[in-house]
Ligand code: SF4
């Protein structure tokens, strides 16, 4: 970092994506180039925008290249080489999920591509973009993988699309480092190490390739755990299940050990996760000056549908302890729910009212599960999540003091903001939490029904057949349904 972003005349409206914008900021080079499978929407709902804004706020010079052409160097070479690293993401969802239906049919439309035609994101985008960088920049700065596609493919994993157990994506992508989970703090630490020439292997929240099994490190609680090798898990389902269990049990920042797994003649090493962010840190991340729009360089190719839902929505919290068996959130965001302050959310919403496109409608106030806002299990915040039981399965844990009071107050304050006409809760709501909340559950449900539903209430658990609910890791239908019917609202 030879010139800092702080040297620029002011915070840019968008993170630069063209050489002209870089020059206008007075930069001769950027420190970090972020490459993504989605278009560039400058929004707190878009991971690449968040990471870019966090790096900019810390003084790094950042550029974004969205949906580069993988058949030429036209796009990937646009900003030259970064001084510190390339950050590569498949986009907001795994590229294969974005490109295909569950039945394997190619999706024609894409909400995160200008014009809505799904013709810009390659399959296995992490691999395609890493190869693209290597093709046009032979000896370049480290390639760092991130986002959900990287997170969920960080060790050996079952890949339904090819019906095979694939090795860690770092090997296939021939990249250098992988950051997993919500990676703001990890990326800042990594950037600092790369700028100062420090040892990146001490950074929490990363995976890297090693020729040897790692030796003991003072930074992490030991001893390390060796997972069954890729070769074994690829041919033995029981070994794959055992591997996943150990991996899952070592996902909590308070208790996780460093993991390593032999993949061929080398090892993939996974450092323990970063501690969850504080509410204050989360407030700062979400109050960064996002433009809430598509960068004009990409916007000229047509409207971006995703903007309709995320532009004026509020993320009230992060994380989920639902642990539904089909869901990636617990592995990506973690089981710790961190709630933003009411003041921060109200400031962000008040900011909407100055935006020329705002029509008085807040499309969502939520997170992975809307009604996990504002309370958490004390034991978890002090010692980490339990390994031997779920917070909500087979039924809500007695240690979880559910109370919807804070969310009711937040929603009321948002409704009363000048310039706000409607506030919707479009994120899913867990009805078992409402039933557990003897003090405020009924009041919360009434508040939601009276003021905050636009069309359909999105409720979970989403099924009523007990054997299926059990497979989904959701509570039984009975006695919950009896008790909801017997309550008076
Ligand atoms: S005590 Fe209960 S709510 Fe707390 S972490 Fe353990 S299972 Fe979850």
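We did not get these values from a lab; they are worked out from the coordinates using the rules stated. Just so you know, these numbers come straight off a predicted model, no measurement behind them. We place every Cβ from the backbone using ideal geometry, glycine too, and count neighbours over all the protein chains shown.
Structure notes:
- Fraction of beta bridges assigned by DSSP in the chain that are antiparallel (%, nearest 5): 45 percent
- If you wrap segment 5-270 in the convex hull of its Cα atoms and look at it from every side, the mean projected area works out to 14.7 nm².
- DSSP beta bridge pairing in segment 5-270, given as percent antiparallel to the nearest 5: 45 percent
- Across segment 284-381 the C-alpha pair distances fall into 5 Å bins from zero in the proportions 2, 11, 19, 20, 18, 14, 10, 5, 1, 1, 0 percent.
- Among 472, 372, the order by Cβ neighbours within 10 angstrom, fewest to most, reads 472, 372.
- Calculated FRET efficiency for the pair residue 409/residue 199, C-beta based, R₀ 45 Å, to 0.05: 0.45
- Note that segment 23-166, at 4 °C in a medium of 1.567 mPa s, gets a Stokes-Einstein diffusion coefficient of 82 µm²/s from its Kirkwood radius over C-alpha pairs.
- A simple packing score, the average count of other Cβ atoms within 10 Å per residue, orders the peptides 335-341, 264-270 as 335-341, 264-270, with the highest score first.
- Mean silhouette area of segment 312-486, derived from the convex hull of its C-alpha atoms and averaged over all directions, reads 10.6 nm².
- Protection proxy ranking, highest mean first, for peptides 163-176, 15-28: 163-176, 15-28, where packing is the per-residue count of other beta-carbon atoms within 10 Å, averaged.
- Cβ crowding within 10 Å averaged over residues, with 207-219, 314-326 ranked highest first: 314-326, 207-219
- Taking every DSSP bridge with both residues inside segment 312-486, close to 25 percent are antiparallel.
- Residue 471-residue 249 pseudo-label distance in nm [points 7 Å out on the Cα-to-Cβ vector]: 2.6 nm
- Pair-distance distribution P(r) for segment 227-278, from all Cα-Cα distances in 5 Å bins starting at 0: 5, 21, 25, 22, 15, 8, 4, 2, 0 percent.
- Directionally averaged shadow of the chain, computed from the convex hull of its alpha-carbon atoms, nm²: 23.2 nm²
- Length available on full extension from residue 284 to residue 215: 0.36 nm per residue minus the Cα-Cα distance, which gives 21.2 nm.
- Relative to one another, the C-alpha centroids of segment 309-388 and segment 96-167 are positioned 26 Å apart.
- For segment 252-289 and segment 30-79, distance of Cα centres in Å: 21 Å
- Kirkwood Rh in Å, taken over segment 21-75 so that all alpha-carbon pairs contribute: 12.0 Å
- Volume per residue that the Cα convex hull of segment 122-228 spans, once the total is divided by residue count, Å³: 129 Å³
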